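K.L.:
Just dropping this structure here.
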Amino acid sequence: MKGRRQPISLEEVVGGLVRKWEKGEYKRGNAVRAAWLSSAGQEAAGHTQPVSFKKGILMVVVENSGWLYKLTMEKRNIIAKFNEEYTGRQKLAEIRFRIGKTELDG
């Protein structure tokens, strides 16, 4: 029968979907990190790490309470700059800071 395709295994279908999802998440993550670097500044970005961006809320891990305070005081300006820089569809409405270990801490 002409034009008939072979059946595709579930493993192939799921694997393809996972790869597609990971690629999209990777691109989105890079765009968020780039916008964070630009809006928070190089020095602050060295002491912080954006960890998630969902429903307009950016979760950022900060190295210590000093950085948490400083960034909290600058939050409105950072949000405005982030929204100018971020290339995704979703706009940033809120930033939530948490003290924790960043990847940069090693």
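The values are calculated or read from the model by the stated rules, or taken from the named source; none is laboratory data. Quantities reported herein were computed from a predicted structural model and do not represent experimental measurements. Don't worry about glycine lacking a Cβ; one is built from the backbone with ideal geometry, like all the others, and counts go over all protein chains shown.
K.L.:
When you scan segment 24-36, do you find a residue that is more than 12 Å from the chain's Cα centre (by Cα), modelled with pLDDT under 95, in a helix (DSSP H, G or I) and not small (Gly, Ala, Ser), even just one? Walk me through how you get there before you give the answer.
P.N.:
Narrowing segment 24-36 to residues more than 12 Å from the chain's Cα centre (by Cα): none.
Checked segment 24-36: no residue is more than 12 Å from the chain's Cα centre (by Cα), modelled with pLDDT under 95, in a helix (DSSP H, G or I) and not small (Gly, Ala, Ser).
K.L.:
Can you confirm whether segment 87-105 contains a residue that is modelled with pLDDT of 95 or more, out of contact with any helix residue (DSSP H, G or I) (no Cβ under 6 Å at 6 or more places or on another chain), surrounded by fewer than 13 Cβ atoms within 10 Å (Cβ to Cβ) and in a helix (DSSP H, G or I)?
P.N.:
no
K.L.:
Another question, then. Any idea which of LYS81, LYS70 is within 18 Å of the chain's Cα centre (by Cα), charged (D, E, K, R) and outside any strand (DSSP E or B)? Explain how you work it out, then say what you get.
P.N.:
On the way: LYS70 fails: within 18 Å of the chain's Cα centre (by Cα).
So the residue among LYS81, LYS70 that is within 18 Å of the chain's Cα centre (by Cα), charged (D, E, K, R) and outside any strand (DSSP E or B) is LYS81.
One line per residue, one yes/no per condition, for (1) within 19 Å of ALA35 (Cβ to Cβ); (2) touching a residue at least 12 places away in the same chain (Cβ under 8 Å):
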position	(1), (2)
VAL60	yes, yes
ASN64	no, yes
MET73	no, no
ILE78	yes, yes
ASN83	yes, no
GLY88	yes, yes
LYS101	no, yes
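K.L.:
On to the next question. I'd like the residue in segment 60-86 that is of a type in the set (Val, Ile, Thr) and touching a Phe, Trp or Tyr at 6+ places or on another chain (Cβ under 9 Å) and, out of all such residues, is surrounded by the fewest Cβ atoms within 10 Å (Cβ to Cβ). Before you say what the answer is, go through the steps one by one.
P.N.:
Residues of segment 60-86 that are of a type in the set (Val, Ile, Thr), as a first pass: 60-62, 72, 78-79.
Now restrict to residues that are touching a Phe, Trp or Tyr at 6+ places or on another chain (Cβ under 9 Å): 60-62, 72, 78.
On the way: VAL60: 24, VAL61: 21, VAL62: 21, THR72: 13, ILE78: 23.
Selected residue: THR72.
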